[in-house]
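For reference, the structure discussed in these notes is given below.
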Amino acid sequence: MWIWEAAHQPKAVVVLVHSVFEHHRRYAWLIETFRENNFHVVMGDLPGHGENTKLKTMHNESIGEYDLYIERAIEYASKMELPIFLAGHGFGATTILYYMRKPRESIAGILLTSPWLELHHTPSKWTNRLAKLTISQKLHYKIPTEMYVSQPELVEEYKTDELVHDVVTTDWYSALTERMKQMAQSSSEWSTPVWLQVAGQDELISVKAVRAWVNQQRMKTLHYSEWAGMKHDLHQEPDREFLAKSAIDFMHLMVLRIGYML
């Protein structure tokens, strides 16, 4: 777990949670943008990801370890005695939704991009049959890098990233799909403000499933947008400055609403 301190007087702290099959280094630009706008950022690599993969090349960790990671990150952030925002991308966003099933008065707001509730790209039918076996098996879960980003240089960078591994166990895959299904079907009353953004050109997740989830919730504050022409990794797309500004404006508003002076 690391902390990047705000450039000047901090307004709040952002706990940032990346998706599966990636790591914190992909968020360098976003972290710096939050810092420059006077937010502390707390982030690490999810269990089994990033720096943690130097000694392993297969995802066989428990999905529950991701939940514990969020709890540790929030505990770390709470020591700063500032409003706390949870921000997650992809399955990181899904993990935050799972954490927020219960009321969390310590959280000032959540920011979600491209949550995994239903995937367009899944392994073969044979893989799905393997996942139902009682004995866990290895399988390759290769997601085409072109689904993540539109810029060719980033596509190549993703392809050659040594900290990303696509070998998983069938137990891990089954737990992943079960968590997505559980959250897609969930319905709650939300007092915590939500900022939720999806890509209009997302080929990886079902935007329709995200819309359906939104319609199932009872929210007091929701900022929802679909960004035309952008792919799954919104924070890596050419118009990311506009997306970041929207996130920062949302956090400014929520901080003011709870009585903090900017």
With respect to Asn52, determine if the residue is modelled with pLDDT under 95, over 26 Å from Ser225 (Cβ atoms) and in contact with a helix residue (DSSP H, G or I) (Cβ under 6 Å, 6 or more places away or on another chain).
no
When you scan segment 82-112, how many residues do you find that are modelled with pLDDT of 95 or more and more than 18 Å from Gln182 (Cβ to Cβ)?
11
List the pairs whose first member sits in segment 76-92 and is more than 17 Å from Ala244 (Cβ to Cβ), whose second member is of a type in the set (A, V, I, L, M, F, W, C) and at pLDDT below 95, and whose Cβ atoms are under 8 Å apart, counting only residues at least 6 apart or on separate chains?
Tyr76/Met1; Pro83/Ile258
Checking the structure you have, find out if any residue of segment 52-61 is within 25 Å of Ala108 (Cα to Cα), in contact (Cβ under 8 Å) with a residue 24 or more places away in the chain and crowded, with 17+ Cβ neighbours inside 10 Å.
no
Restricting attention to strands (runs of 3 or more DSSP E) lying wholly within segment 133-237, give those where 2 or more residues are buried (at least 16 other Cβ atoms within 10 Å of the Cβ).
167-169, 194-199, 222-227
Close pairs (7 angstrom Cβ cut-off, 6 or more residues apart or separate chains): closer than 14 Å to Met58 by Cβ in segment 140-167, among the aromatic types (Phe, Trp, Tyr) anywhere:
Tyr141/Tyr173; Val164/Phe21; Asp166/Phe21; Asp166/Tyr141
Sole exception among (1) farther than 17 Å from Ser19 by Cα; (2) in contact with a Gly (Cβ under 6 Å, 6 or more places away or on another chain); (3) at pLDDT below 95 for Leu163, by number
(1)
State whether one or more residues within segment 38-48 are under 21 Å from Pro193 (Cβ atoms), out of contact with any Ser or Thr (no Cβ under 9 Å at 6 or more places or on another chain) and not hydrophobic (A, V, I, L, M, F, W, C).
yes
Search segment 35-51 for residues that are surrounded by fewer than 19 Cβ atoms within 10 Å (Cβ to Cβ) and pair each with any residue that is of a type in the set (S, T, N, Q) and not in a strand (DSSP E or B) when their beta-carbon atoms are under 9 Å apart and the residues are at least 6 apart or on different chains.
Asn38/Gln9; Pro47/Ser62
Across segment 209-234, the tally of residues that are under 17 Å from Glu32 (Cβ atoms) and either in contact with a strand residue (DSSP E or B) (Cβ under 7 Å, 6 or more places away or on another chain) or free of Cβ contacts under 8 Å to residues at least 24 places away in the same chain (or both) stands at 1
Take segment 240-255 and flag every residue that is of a type outside the set (Phe, Trp, Tyr) and out of contact with any Gly (no Cβ under 8 Å at 6 or more places or on another chain).
Arg240, Glu241, Leu243, Ala244, Lys245, Ser246, Ala247, Ile248, Asp249, His252, Leu253, Val255
Could you list, ordered by first residue, the pairs with Cβ atoms under 9 Å in which the first is in segment 2-23 and under 17 Å from Ala244 (Cα atoms) and the second is part of a loop (DSSP other than H, G, I, E, B) and of a type in the set (Asp, Glu), at least 6 apart or interchain?
His18/Asp45
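The values are calculated or read from the model by the stated rules, or taken from the named source; none is laboratory data. Predicted, not measured: the structure shown is a model, and the values here were computed from it. Here the Cβ is made from the backbone with ideal geometry for all residues, glycine too, and neighbour counts use every protein chain on show.
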